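Presented below is the structure to which this report refers.
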Amino acid sequence: MRVYPEQLTQQLDKGLRQAYLLFGNEPLLKQECGDSIKQLAQQQGFLERHHFTIDNQLDWNLVLDCCQAMSLFSAQQIIELDVPDTGLNANQAKALLEVIEHLNPDILLVLTGPYLNKKQEATKWFKALDAIGLYVPCNTPDAKQMPRFIQARCRLLGLKPDHESVQMLAQWHEGNLLALAQSLHKLVLLYPDGELNIVRLQEALSRHNHYTPFQLVDAVLAGQAKRSQRVLRQLQGEGVEATILLRTLQRELTQLYKMQEMGKKGTPLNIIFEQFRVWQNRREMYIGALHRLPLTRLVGIIRQLTQLELQVKTDYDTNTWPALSALCAEICGFDTHLHYA
């Protein structure tokens, strides 16, 4: 059964499940959900914990022994398994299935790992655990989800932000939930009445948003011109090297070029996406980019990017960021001062 982090408390009030799957890209949510589960479990007598990291060196017999042996301190035990970022190989999946077969009411199993795609959710081990437990996707809210996420957090803390405050908190903390959590707790201490407005936020907080080059790529692929410029300015302010961004964009543009070539030869779009391993939830973004960037436009943008990269490597005094900003706008579909030969 799938529940989201904000729904977990309500589910825990109904009692413990035998297994919990905490998977996603947001460490803070995984930590908070894990703490809530273990706190309730300890209150109900699960006093001993065993923690294992799944890798090629793990002795699975130790995990099985925990399922079969009586605890030294309690009849009930928590077994925590950390799944690697690369996922489970065939042998590890087989070993996990054996552990699942040996679970009993005195064992609480908690798995923590990276984002799961649809293919991984269709594996035998996932289905076996999903049938007896809860799957909690712990992913960082995107720009659209962030305001609702912030409002829910504020309600729990007794904070009452107005609409403008929610939007400002979302912009300032996008991509950095840990900083958001710290900021909200600071606001609770500073303003006991819970009332939040822009003036109070500006007096109390500094900007904490943290972006990655991959968020810039997503913004330009989606054609989000304003967002891409905001992300680019923040990356510049954080001291990210322009060459890193250029190479990241170049890799994505080259992939789009290859996709366009395959499409021109009559290859179906779903086959193209499968070959380039584009996840289902990202395909709409790529479809928009492919419609917006035909081959001729892609060639021009890639040529301009290459010239810009050469300039960066040969002229250390040049200010690359205005040209990089214009390049991102071009990828988003806007005509700028760039001229293609």
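The values are calculated or read from the model by the stated rules, or taken from the named source; none is laboratory data. Computed from a prediction, not measured in an experiment: that's the story for all the values here. Using ideal geometry, Cβ is built from the backbone for each residue, glycine included, and neighbour counts are taken over all protein chains shown. Keep in mind that these areas ignore ligands, DNA and RNA; they rest on the heavy atoms of the full protein, side chains included. Shrake-Rupley method; radii C 1.70, N 1.55, O 1.52, S 1.80 Å.
Just so you know, in the range 106-153 the residues that are within 30 Å of ALA222 (Cα to Cα), free of Cβ contacts under 8 Å to residues at least 12 places away in the same chain and of a type in the set (Lys, Arg) include one that is surrounded by the fewest Cβ atoms within 10 Å (Cβ to Cβ), and it is LYS144.
Restricting attention to the range 214-231, and to residues there that are farther than 14 Å from TRP172 by Cα and hydrophobic (A, V, I, L, M, F, W, C), which single residue is farthest from the chain's Cα centre (by Cα)? Steps first, please.
If we filter the range 214-231 for residues that are farther than 14 Å from TRP172 by Cα, which is where we start, we get 214-226, 228-229.
Filter once more, keeping what is hydrophobic (A, V, I, L, M, F, W, C): 214, 216-217, 219-222, 225.
On the way: PHE214: 11, LEU216: 14, VAL217: 14, ALA219: 15, VAL220: 18, LEU221: 17, ALA222: 17, ALA225: 22 Å.
That would be ALA225.
Test GLU48 against the stated conditions and say whether it is under 21 Å from CYS138 (Cβ atoms) and either open to solvent by less than 70 Å² (accessible area, probe 1.4 Å) or of a type outside the set (D, E, K, R) (or both). Even if it seems obvious, please write down each step before you answer.
Details: under 21 Å from CYS138 (Cβ atoms): no; either open to solvent by less than 70 Å² (accessible area, probe 1.4 Å) or of a type outside the set (D, E, K, R) (or both): yes.
So GLU48 does not fit the description; no.
Identify the single condition in (1) among the aliphatic types (A, V, I, L, M); (2) in contact with a strand residue (DSSP E or B) (Cβ under 6 Å, 6 or more places away or on another chain); (3) under 30 Å from TRP279 (Cβ atoms) that LEU88 does not satisfy, given that it satisfies every other one. For LEU88, the exception is condition (2). Taking the criterion of being open to solvent by 10 Å² or more (accessible area, probe 1.4 Å), in contact with a Gly (Cβ under 8 Å, 6 or more places away or on another chain) and not in a helix (DSSP H, G or I), no residue of the range 177-201 qualifies.
Selection within the range 289-307: residues that are touching a helix residue (DSSP H, G or I) at 6+ places or on another chain (Cβ under 9 Å) and β-branched (Val, Ile, Thr). The member of this set that is farthest from LEU324 (Cα to Cα) is VAL299. Is it the case, given these coordinates, that GLY223 is more than 30 Å from ASP317 (Cβ to Cβ), touching a residue at least 60 places away in the same chain (Cβ under 8 Å) and in a loop (DSSP other than H, G, I, E, B)? So GLY223 passes the test.
Return yes when ILE150 is closer than 18 Å to LEU22 by Cβ and either more than 16 Å from the chain's Cα centre (by Cα) or at pLDDT 95 or above (or both) and no when it is not.
Numbers: closer than 18 Å to LEU22 by Cβ: no; either more than 16 Å from the chain's Cα centre (by Cα) or at pLDDT 95 or above (or both): yes.
Taking the combined requirement at face value, the residue does not satisfy it.
Would you mention how many residues in the range 81-95 are closer than 13 Å to THR53 by Cβ and free of Cβ contacts under 8 Å to residues at least 60 places away in the same chain? Reasoning before the result, please.
Step one: filter the range 81-95 for residues closer than 13 Å to THR53 by Cβ, giving 81-86, 88, 92.
This time we only want the ones that are free of Cβ contacts under 8 Å to residues at least 60 places away in the same chain, so: 81-82, 84-86, 88, 92.
Residues flagged as closer than 13 Å to THR53 by Cβ and free of Cβ contacts under 8 Å to residues at least 60 places away in the same chain within the range 81-95 amount to 7.
In the range 305-334, the residues that are of a type in the set (Lys, Arg) reach residues that are open to solvent by less than 40 Å² (accessible area, probe 1.4 Å) and modelled with pLDDT of 85 or more with C-beta atoms within less than 8 angstrom, at least six apart or across chains, in these pairs: LYS313/THR243. May I ask you to verify whether ASP65 is modelled with pLDDT under 95, acidic (Asp, Glu) and either open to solvent by less than 30 Å² (accessible area, probe 1.4 Å) or part of a helix (DSSP H, G or I) (or both)? In short, yes. Just one of (1) assigned to a helix (DSSP H, G or I); (2) open to solvent by 10 Å² or more (accessible area, probe 1.4 Å); (3) of a type outside the set (Phe, Trp, Tyr); (4) over 19 Å from LEU12 (Cα atoms) fails for LEU156. It is (4). Selection of the range 300-324 for residues being part of a helix (DSSP H, G or I) and either surrounded by fewer than 16 Cβ atoms within 10 Å (Cβ to Cβ) or touching a Pro at 6+ places or on another chain (Cβ under 8 Å) (or both) yields ARG303, THR306, GLN307, LEU310, GLN311, LYS313, THR314, TRP321, PRO322.
State all residues of the range 6-45 that are under 16 Å from GLN77 (Cβ atoms), open to solvent by 50 Å² or more (accessible area, probe 1.4 Å) and not in a loop (DSSP other than H, G, I, E, B); if no residue qualifies, say none. Step through it out loud before you land on a result.
In the first step, residues of the range 6-45 are kept if they are under 16 Å from GLN77 (Cβ atoms); the result is 16-20, 34, 37-45.
The next check asks that each one be open to solvent by 50 Å² or more (accessible area, probe 1.4 Å); those that pass are 17-18, 39, 42-44.
Result: GLN39, GLN42, GLN43.
Among the residues of the range 233-269, write down those that are open to solvent by less than 60 Å² (accessible area, probe 1.4 Å), assigned to a helix (DSSP H, G or I), modelled with pLDDT under 90 and more than 15 Å from THR306 (Cβ to Cβ). Within the range 233-269, GLN234, LEU235 qualify.
For the range 76-101, which residues satisfy the criterion of being open to solvent by 60 Å² or more (accessible area, probe 1.4 Å), outside any helix (DSSP H, G or I) and modelled with pLDDT of 90 or more? Give the derivation first.
The first filter runs over the range 76-101 and keeps only residues open to solvent by 60 Å² or more (accessible area, probe 1.4 Å), leaving 85-86, 89-91, 94, 98, 101.
Now restrict to residues that are outside any helix (DSSP H, G or I): 85-86, 89.
Listed by number, the list holds a single entry, ASN89.
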